[in-house]
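Down below is the structure, laid out as structure tokens.
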Amino acid sequence: MVQGRGSAMVVTATAMLCVLLLHFDMAHAAATYSVGGPGGWTFNVSGWPKGKSFKAGDILVFNYSPAAHNVVAVNRAGYSSCTSPKGAKVYTSGKDRIKLVKGQNFFICSFAGHCQSGMKIAVNAV
């Protein structure tokens, strides 16, 4: 009988541990954001990140027509000057999913005149 109670305690403790781990995993799950909201990745989205809190590992989804736009991950200088540094990662699927890294994340559209028309965002992930 004593062995039975011990087994029941181990099963109960194991179940509680599983629930806690599941809760912990869900509490730290990455958030997914559609850049630009319903309008998607388009002109005048540079203010879109304002008022939002981003964490490293969150996913930005860029929805756009690949014939009309792209997404380029750039550094601060590329963001400020609306230029794509050599070796910059260019996304062209129209449904790009990009995981944020800790710190500043900068994205522009490199089609002529698009970045200058506000098609760029700067996101700080903590």
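At-a-glance table
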{"quantity": "Test for VAL19: is it modelled with pLDDT of 95 or more and aliphatic (A, V, I, L, M)", "calculated": "no"}
{"quantity": "Failed condition for LYS120, given (1) among the basic types (Lys, Arg); (2) closer than 12 Å to VAL35 by Cβ; (3) free of Cβ contacts under 8 Å to residues at least 60 places away in the same chain", "calculated": "(3)"}
{"quantity": "Residues of region 84-126 satisfying the condition of being in contact with a helix residue (DSSP H, G or I) (Cβ under 8 Å, 6 or more places away or on another chain) and not in a strand (DSSP E or B)", "calculated": "SER84, PRO85, ALA88, CYS109"}
{"quantity": "Residue pairs meeting the criteria (Cβ under 9 Å; at least 6 apart or on separate chains; first under 12 Å from ALA30 (Cα atoms) and in the same structural domain as PHE106 (by TED's automatic domain parsing), in region 46-63; second in a loop (DSSP other than H, G, I, E, B) and basic (Lys, Arg))", "calculated": "LYS55/LYS102; ALA56/LYS102; GLY57/LYS102"}
{"quantity": "Out of ALA67, ALA31, sole residue that is exposed (fewer than 10 other Cβ atoms within 10 Å of the Cβ) and at pLDDT 95 or above", "calculated": "ALA67"}
{"quantity": "Pick from region 51-75, criterion in a strand (DSSP E or B) and more than 15 Å from SER34 (Cβ to Cβ), ranking: nearest to the chain's Cα centre (by Cα)", "calculated": "ALA73"}
{"quantity": "Residue within region 85-99 that is at pLDDT below 95 and out of contact with any strand residue (DSSP E or B) (no Cβ under 9 Å at 6 or more places or on another chain) present", "calculated": "yes"}
{"quantity": "Cβ-Cβ under 7 Å pairs, at least 6 apart or on other chains, region 94-109 side closer than 16 Å to ASN124 by Cβ, far side among the acidic types (Asp, Glu) and modelled with pLDDT of 95 or more", "calculated": "LEU100/ASP58"}
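The values are calculated or read from the model by the stated rules, or taken from the named source; none is laboratory data. Values in this document were obtained by computation on a predicted structure and should not be read as measured data. Positions of Cβ are backbone-derived with ideal geometry, glycine not excepted, and every protein chain shown enters the neighbour counts.
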